[in-house]
Amino acid sequence: MRALKGPRKGPTTPPRAYTSGEVAVIREMQARGLTFFTQREILVEGRVFVVDIFVPPNVVVEIDGPHHSRSIRASRDKVKNEVLERLGLKVLRFDHSLAKSQPSKIVDEVLKALRGD
C-alpha cells in the first residue's frame, strides 16, 4: 500500500537544498504549468523513500549526480526503483548534467510518461 505523506509537524527527512539540475527542471515544469511536488516522501511498507520530484498521478523524477554511480548508491537506487515501480509509479532517472543543460528534454520525457507513451 502506498501513502504520499502530506503536511506534517516535522519532516521525517530533513529537507535539503536543490541541486542546480533540479532547479532547472523545476523552473521548466513551472513554465509549462505542471503540477508537481519536490522532495516528496513516499511511505511503503514502513519504509520512507524521498523522491526528487513527484508529478501526479504516477511519475517520479530523480536527478542523479555523480555519487549515484558508486556501487552502494546505485544499489540503493535500484531497490528504490523496484519498490516504487511495484506501486505503479513510473520512475525516470536523469543525469544531473542533462538536467542542468537541457531541462526541456527531461520535461518532454515526463509528459510522455504521463501520456503513457
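The values are calculated or read from the model by the stated rules, or taken from the named source; none is laboratory data. Note that this is a predicted model, so its numbers are computed, not measured. All Cβ positions, even for glycine, are placed from backbone atoms using ideal geometry, and neighbour counts span all protein chains on display.
Is it true that residue 48 is among the aliphatic types (A, V, I, L, M), touching a Lys or Arg at 6+ places or on another chain (Cβ under 9 Å), in contact (Cβ under 8 Å) with a residue 24 or more places away in the chain and over 16 Å from residue 93 (Cβ atoms)?
Answer is yes for this residue.
Would you pick out the residues in the stretch 29-45 that are within 17 Å of residue 93 (Cβ to Cβ) and not in a loop (DSSP other than H, G, I, E, B)? Break it down into steps so the answer makes sense when it comes.
Restricting attention to the stretch 29-45, the residues satisfying the condition of being within 17 Å of residue 93 (Cβ to Cβ) are 29, 36, 38-40, 42.
Within the stretch 29-45, 29, 38, 39, 40, 42 meet the criteria.
Step by step: first the residues of the stretch 1-47, then only those that are small (Gly, Ala, Ser) and either closer than 16 Å to residue 110 by Cα or surrounded by 16 or more Cβ atoms within 10 Å (Cβ to Cβ) (or both), then the one that is modelled with the lowest pLDDT. Which residue is that?
21
For the stretch 55-91, enumerate the residues that are part of a loop (DSSP other than H, G, I, E, B) and either touching a helix residue (DSSP H, G or I) at 6+ places or on another chain (Cβ under 7 Å) or modelled with pLDDT under 90 (or both).
Answer for the stretch 55-91, where residues must be part of a loop (DSSP other than H, G, I, E, B) and either touching a helix residue (DSSP H, G or I) at 6+ places or on another chain (Cβ under 7 Å) or modelled with pLDDT under 90 (or both): 65, 70.
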